[in-house]
Amino acid sequence: MTQVDRFRTLGLLGGMSWESTAVYYRLINQGVAARGGGLHSAPLLLHSLDFAGVAAAQAAGDWAGLGAQLGAAAAGLVRAGAGAVLIATNTMHRLAAEVQAAAGVPLLHIGDATGAALRAAGVKRAGLLGTRFTMEDVSVLRGRLAAHHGIETLVPGDAARTEVHRVIYEELCRGRLEGPSRERYAGIIDDLRRDGAEVVILGCTEIGLLIGAADSTLPVFDTTQLHAAMAVDWICS
């Protein structure tokens, strides 16, 4: 049996930012190699967007324009042979419905990957770090976790949300991993623990570059890792 016969082709919408898309690419290929053995790797199609334009549209609130852009990109991946699509970023799952409608194939939702892991661990109340969009807009991740998985999410206070967002866009998306920012994130996680969070969701695909289990007083659920594992399951099923 050849690799083409054995594995399904997945389309990735990436570049938002490329720092985390590179992690997705590595994790998915490692997972498929572990399943297939030998020289096997993942059949992936990647559309990598220019994040400068995406970030500017986010800041301007042009979600309709972004939905059209990502939908067209997803449809292109399907025309090229993708049997499902994955948005390699939490924030842009605000547009999951538009992307899936344009693609006409399954969309592997980051909220479902995260929610399944939280339910399996018996978690009911999770702290959430991410971009300001993800922390404040229930249509990105929080609503999906509540409606589909019964998970309540807690977010930091306004000043802490501002700092978490700033570090993502000004540091992590630019490949900068700063010790003082790691310490601030660790303090924010500990505040969420005191507020009643059982675990913390790293709800931005770049945060795992900065924070790991050793930095947190709460068990860590990294959405990038969970989403990549969902992708491996789909490719190999």
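Rule-based calculations on the coordinates, nothing more; no lab input. All of these numbers come straight from a predicted model, not from anything done at the bench. We place every Cβ from the backbone using ideal geometry, glycine too, and count neighbours over all the protein chains shown.
Calculate, in nm to one decimal, what residue 186 and residue 80 gain on full extension: separation in residues at 0.36 nm each, minus their alpha carbon distance.
33.9 nm
Taking the Cβ-Cβ separation of residue 46 and residue 213 as r and a Förster radius of 30 Å, what is the calculated FRET efficiency to the nearest 0.05?
After rounding, the FRET efficiency stands at 0.55.
Multiplying the sequence separation of residue 171 and residue 233 by 0.36 nm and subtracting their Cα-Cα distance, what value in nm do you get?
The span from residue 171 to residue 233 would gain 19.2 nm if fully extended.
Considering only 201, 122, 219, whose Cα is most displaced toward the positive end of the charge dipole of the stretch 110-223, charges sitting on Cβ of Lys, Arg (+1) and Asp, Glu (-1)?
So the residue we want is 122.
Please turn the phi angles of the stretch 10-26 into ³J(HN,Hα) values with the Karplus equation 6.51 cos²θ - 1.76 cosθ + 1.60 (θ = phi - 60°), one per residue in order, whole Hz, x for glycine and proline.
10, x, 10, 9, x, x, 10, 9, 5, 4, 7, 4, 4, 5, 3, 4, 5
Place a +1 charge on the Cβ of each Lys and Arg in the stretch 110-223 and a -1 charge on the Cβ of each Asp and Glu, then give the dipole magnitude about the Cα centre in debye, rounded to the nearest 20.
Dipole size: approximately 200 debye.
Output the antiparallel fraction of DSSP beta bridges having both residues in the stretch 110-223, as a percent to the nearest 5.
0 percent
Which residues' amide hydrogens lie under 5 Å from the amide hydrogen of residue 222, considering only partners 5 or more residues apart or on another chain, with H built in the peptide plane?
202
Could you work out the relative contact order of the chain? I mean the mean sequence separation of Cα pairs under 8 Å and 6+ apart, divided by the number of residues, in percent.
About 24 percent, as a whole number.
Quick one: which residues, 5+ away or cross-chain, put their amide H under 5 Å from the amide H of residue 45? H built at 1.01 Å from N.
Those qualifying (amide H under 5 Å, at least 5 residues apart or on another chain) are 10, 11, 12.
Quick query: amide H of residue 126 versus all other amide H atoms, modeled in the peptide plane; which residues come in under 5 Å with a sequence gap of 5 or more or a different chain?
Here 152, 153, 154, 198 satisfy the definition.
Can you give the Rg and Dmax of the chain based on its C-alpha atoms, in angstrom?
In Å, with Rg to one decimal and Dmax whole: 17.2, 55.
Got a sec? How would 200, 155 order by Cβ neighbour count within 10 Å, fewest to most?
155, 200
Would you mind checking the tilt of helix 158-170 against the longest principal axis of the Cα atoms of the chain, expressed as 0 to 90 degrees and rounded to 10?
Long axis of 158-170 versus the principal axis of the chain: about 40 degrees.
Between the helical axis of 63-79 and the dominant principal axis of the chain, each derived from Cα atoms, what acute angle in degrees is found, rounded to the nearest 10?
Long axis of 63-79 versus the principal axis of the chain: about 30 degrees.
Let me check I've understood the local charge: for residue 179, count other residues with C-beta under 13 angstrom from its C-beta, Lys and Arg +1, Asp and Glu -1. What total comes out?
-1
Quick check: net charge around residue 89, other residues with Cβ under 12 Å of its Cβ, Lys/Arg +1 and Asp/Glu -1?
-1
With each pseudo-label sitting 7 Å past Cα toward Cβ, what's the residue 6-residue 148 distance in nm, one decimal?
2.9 nm
Running a GNM on the chain with Cα contacts under 10 Å, which residue among 205, 217, 131 ends up with the highest mean-square fluctuation?
Highest fluctuation among the options: 217.
Give me the extension gain from residue 194 to residue 120: residue separation times 0.36 nm, minus the current Cα-Cα distance, reported in nm with one decimal.
24.3 nm
Could you please report the charge total around residue 71, scoring K, R as +1 and D, E as -1 over all other residues with beta-carbon less than 15 angstrom from its beta-carbon?
Local charge sum for residue 71: 0.
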